[in-house]
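The values are calculated or read from the model by the stated rules, or taken from the named source; none is laboratory data. Keep in mind that what you see is a predicted model, and the values were worked out from it rather than measured. In this analysis, Cβ positions are derived from the backbone assuming ideal geometry, glycine residues included, and neighbour counts consider all displayed protein chains. Heavy atoms of the whole protein, side chains included, go into the accessibility calculation; ligands, DNA and RNA do not. Shrake-Rupley method; radii C 1.70, N 1.55, O 1.52, S 1.80 Å.
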Amino acid sequence: MQKEIEITLAPEDVEQEAILKNALSEVLEVKTTRIKGYKILKRSIDARSRRVIFRLQVRVFIDEEPLNEVFEVNYPNVSDKKPVIIVGAGPAGLFAALQCIENGFKPIVLERGKDVKQRRRDLAAINKEGIVNTESNYCYGEGGAGTYSDGKLYTRSNKRGDINKVLQVFVEHGATEDILVDARPHIGTNKLPQIITAIRERILNAGGEVRFDQKVTDILINFGKIKGVVINGEEKLMADAVILATGHSARDIYELLNSKNILVEAKPFALGVRIEHPQAIIDAAQYHCDIRSEFLPPAYYSLVEQVGSRGVFSFCMCPGGIIAPCATHENEIVVNGWSPSKRNNPFANSGTVVQITLDDVKGTDPLRMMNFQAEIERTAFQLGGGNLVAPGQRMVDFVENRVSIDLPKNSYLPGTKSVMLKDTLPDFVASSLRNALLLFGKKMKGYYTNEAILVGVESRSSSPVRIPRDKETYQHPQVAGLFPCAEGAGYAGGIVSAAIDGVNCANAILKIS
């Protein structure tokens with residue numbers, strides 16, 4: 001007999017099998033000897049009361065041995081099968097490639113950047129010297145932006161596809177099984193490169209191709225049908241199906257499509273700053289304690305407010321994290337955040353952004369939101385003074401509209417410069433942020449403090465352009481065989497949702513083949 005139940009345990013008891021088994025016995029009212037095994041399905045922290053607990057959803061096996069569940073996917077050799085070109089080796093591109101192999105197609109993955117190992121040198125140059133390689137950086141390269149932005153796997157995309165399969169694939173390629181049960185699964189930037197490498201090797205071993213330093217510079221179309229792509233302005237690669245999984249920062253792809261009169265649309269996005277606190281402040285606020293228990297992970301938060309007609313919200317919260325320079329072009333500042341797997345850095349950061357609507361940027365140019373985004377990033381660079389030094393301001397100083405005399409120690413390696421952030425942000429964004437921060441401070445004790453720094457600008461939370469596609473076929477309405485995919489096309493927001501969209505696009509190709 002099997003039963004699924006919920007139990008609660010103190011943090012120090014979660015790893016104690018005997019205590020866990022006794023708790024199951026009490027809830028089920030059966031002797032522990034009758035419990036032959038159990039499987040934790042979900043695990044989450046409940047910090048709503050002063051006594052912090054773990055909630056565990058458990059499948060219990062009573063009077064029967066647990067089944068040995070094996071996750072296995074058949075990846076046949078596809079070296080001589082019909083090719084599918086996949087532009088971009090982020091989560092969407094890699095999972096699209098795996099699904100193509102399952103479906104009997106040969107994926108040819110084209111990545112403008114370098115492999116995960118080679119990317120490290122370019123990231124070091126960004127952090128230490130303020131030098132941006134426009135083809136290899138935090139956004140471009142194998143694994144996409146998520147590889148060096150810590151691998152958060154939390155998603156609400158339950159209706160879009162099989163989340164569990166995506167997580168299982170990560171586990172099969174080296175992630176810990178914790179991601180299958182944690183309410184907010186996370187891999188960590190220190191572990192993701194090896195996992196991404198293992199996925200690439202899986203694709204190659206099945207007869208697929210993964211090519212680096214292969215920038216798509218043109219798309220070949222004949223009578224409304226895709227015929228292939230041009231690589232690096234020279235080589236033509238032919239196929240009658242192309243998955244466009246280029247991520248939300250590949251502005252050249254939007255410009256290319258627009259120049260060829262292939263429909264693209266302006267899309268709302270969000271703009272703001274990355275806010276960093278000492279992790280101890282967040283721990284004290286969330287866990288109602290002076291010092292976090294060794295049995296609890298660094299605390300996270302999620303905050304949202306409606307300020308007038310605008311939503312202001314935190315996202316991509318990084319406990320024990322680091323603020324990273326994520327520019328893809330010279331003379332711009334873009335910040336993001338990441339955490340190592342242990343989340344053991346002394347700071348906690350989160351993007352905190354304001355909704356930008358189409359009405360905020362007047363005109364009919366489908367690239368106007370992208371150009372607006374780029375202008376803000378260039379202004380931030382100028383205010384920082386160069387070398388990727390980012391404009392910063394203490395939180396209370398920002399709200400009270402005064403220059404910070406100095407800035408707190410923080411995790412942003414290229415350095416920060418005290419400025420008036422209102423000079424970087426549009427007036428309506430700055431005023432919305434001010435009001436929201438005061439409200440956040442009322443929700444969360446200790447949040448509103450001058451120990452926190454605001455670092456600008458957080459501008460790449462989502463794509464400012466949508467590449468339209470048919471809801472049923474996933475193809476562009478003007479170009480048969482062109483499959484706009486994931487974040488870059490405006491249909492995903494994060495690693496798991498992007499991976500799911502890659503799978504969906506690969507399955508859409510199967511349906512029309």
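The table that follows gives values for the structure above.
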| quantity | calculated |
| --- | --- |
| Vicinal HN-Hα couplings computed from phi for region 42-59 (Karplus, 6.51 cos²θ - 1.76 cosθ + 1.60; Hz; Gly/Pro x) | 8, 9, 9, 9, 10, 10, 6, 9, 5, 8, 6, 10, 9, 9, 10, 9, 10, 9 |
| Theoretical gain in end-to-end length, residue 156 to residue 47 [0.36 nm per residue, Cα-Cα removed] | 37.1 nm |
| Accessible area, probe 1.4 Å, largest first, for residues 448, 254 | 448, 254 |
| Counting DSSP beta bridges with both ends in the chain, the antiparallel % (nearest 5) | 75 percent |
| Rounded accessible area of residue 315 (nearest 10 Å², 1.4 Å probe) | 50 Å² |
| Extended-chain gain in nm, criterion 0.36 nm per residue less alpha-carbon gap, residue 371 and residue 470 | 33.0 nm |
| Heavy-atom SASA rank of 459, 431 (probe 1.4 Å, accessible area, largest first) | 431, 459 |
| HN-Hα J in Hz across region 158-173 - Karplus 6.51, -1.76, 1.60, θ = phi - 60°, x for Gly and Pro | 4, 8, 8, x, 8, 4, 4, 5, 4, 5, 4, 4, 4, 5, 4, 9 |
| Label-point gap, in nm, between residue 259 and residue 359 - each point 7 angstrom along Cα→Cβ | 3.5 nm |
| Cα shape, region 339-440, gyration tensor, a/c 1.5 rule | prolate |
| Estimated 222 nm signal from helices in the chain, with DSSP H stretches of n ≥ 4 weighted -39500 (n - 2.57), rounded to 500 | -8500 deg cm²/dmol |
| FRET E, pair residue 478, residue 217, Förster distance 22 Å, beta-carbon r, rounded to 0.05 | 0.65 |
| Spin-label zone in region 346-362 - amide nitrogen under 19 Å from a point set 7 Å from the Cα of residue 309 along the C-beta vector | 354-362 |
| Distance from region 5-51 to region 448-494 (C-alpha centre basis), Å | 40 Å |
| Modelled FRET efficiency - R0 51 Å, residue 164 with residue 378, Cβ distances, 0.05 increments | 0.75 |
| Distance between modelled label sites at residue 134 and residue 387, nm, 7 Å Cα→Cβ extension | 2.3 nm |
| Extension reserve of the residue 232-residue 171 stretch, reckoned as 0.36 nm per residue once the Cα distance is removed | 18.5 nm |
| Net dipole in debye of region 230-311 [+1 Lys, Arg Cβ; -1 Asp, Glu Cβ; about Cα centre; nearest 20] | 260 debye |
| Rounded if a/c under 1.5, otherwise prolate or oblate - region 1-101, Cα gyration tensor axes | oblate |
| Rounded if a/c under 1.5, otherwise prolate or oblate - region 9-166, Cα gyration tensor axes | oblate |
| Candidate lysines for bridging to residue 236, where Cα separation is under 21 Å - those fewer than 8 sequence places away on the same chain excluded | 81, 82, 106, 114, 215, 225, 227, 260 |
| Accessible heavy-atom area order of 292, 156, highest first, probe of 1.4 Å | 156, 292 |
| Förster radius 60 Å - calculated FRET efficiency between residue 438 and residue 21 (Cβ-Cβ, nearest 0.05) | 0.80 |
| The chain: relative contact order as a whole-number percent, Cα under 8 Å and 6+ apart | 18 percent |
| Whole-angstrom gap from region 52-125 to region 277-356, using each part's C-alpha centre | 27 Å |
| For residue 394, solvent-accessible area (1.4 Å; no DNA, RNA or ligand), Å² | 50 Å² |
| Rounded to the nearest 10 Å², the accessible area of residue 172 at probe 1.4 Å | 70 Å² |
